[in-house]
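Trainee: Sharing a structure with you now.
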Amino acid sequence: MRVVALVLVGVITGSVGAAEDGPDRWVEYSHVYATVANTGDGPIIVSIIVHADEALEPLGFHRDSTRGEIRGMLLRGGAFASYKAGGLAVATIIPGSRPGCIVFSATNYDEHVAGLVKAAAAAIEARFRKLFGSSVTFFTDATCSHAL
């Protein structure tokens with residue numbers, strides 16, 4: 001059985017240093033870690049990306065990577081998908097640190113839309129729980145070893 005992952009770790013807001021913007025740049029970020037069991041209806045990563053697209057679109061996130069780029073990224077072990085929302089928010093779905101584990105990560109640098117990444121993580125988690133049911137397991141860590 002093939003497995004892929006994603007889980008909500010949390011959202012942290014505060015000041016983070018950035019070389020080009022100085023040490024007081026505002027930033028918030030969120031991570032979701034989980035595994036999704038392959039149901040045999042095709043490659044599970046395709047289903048994960050499609051449902052992530054649908055969960056994130058209402059929040060203003062649009063895919064920044066194209067279908068052809070995804071195949072290349074998969075072959076190189078890079079991002080499965082990347083997203084942008086406006087000019088200051090980004091999100092990615094990448095492989096976790098162990099096989100079958102995936103990580104959804106979102107970062108927002110615009111304090112005028114504070115809470116955006118928390119909403120994105122919640123949308124991903126809710127969508128996956130609804131569509132994948134008992135086939136999805138969420139974790140507290142990037143190694144997908146401590147289930148929630």
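Trainee: Any chance you could run the full-extension gain for E111 through T140? It's 0.36 nm times the residue separation minus the Cα-Cα distance, nm to one decimal.
Mentor: Computed gain between E111 and T140 is 7.9 nm.
Trainee: Once ligands and nucleic acids are excluded and a 1.4 Å probe is used, how much of H51 is accessible, expressed in Å² to the nearest 10?
Mentor: 40 Å²
Trainee: Can you work out the FRET efficiency for the pair N38 and L148, with r the C-beta to C-beta distance and R0 = 22 Å, to the nearest 0.05?
Mentor: Between N38 and L148 the formula returns 0.60.
Trainee: Residue-wise, which Karplus ³J(HN,Hα) couplings in Hz belong to the stretch 121-138, taking 6.51 cos²θ - 1.76 cosθ + 1.60, θ = phi - 60°, and x for glycine or proline?
Mentor: In residue order, the calculated couplings are 4, 5, 5, 4, 4, 5, 4, 5, 4, 5, 8, 9, x, 6, 7, 9, 10, 9 Hz.
The values are calculated or read from the model by the stated rules, or taken from the named source; none is laboratory data. The shown structure was predicted, so the numbers you read here are calculated from the model rather than taken from an experiment. Note that we place each Cβ from the backbone using ideal geometry, even for glycine, and neighbour counts take in every protein chain shown. Side chains included, ligands, DNA and RNA excluded: accessible areas come from the protein's heavy atoms. Shrake-Rupley method; radii C 1.70, N 1.55, O 1.52, S 1.80 Å.
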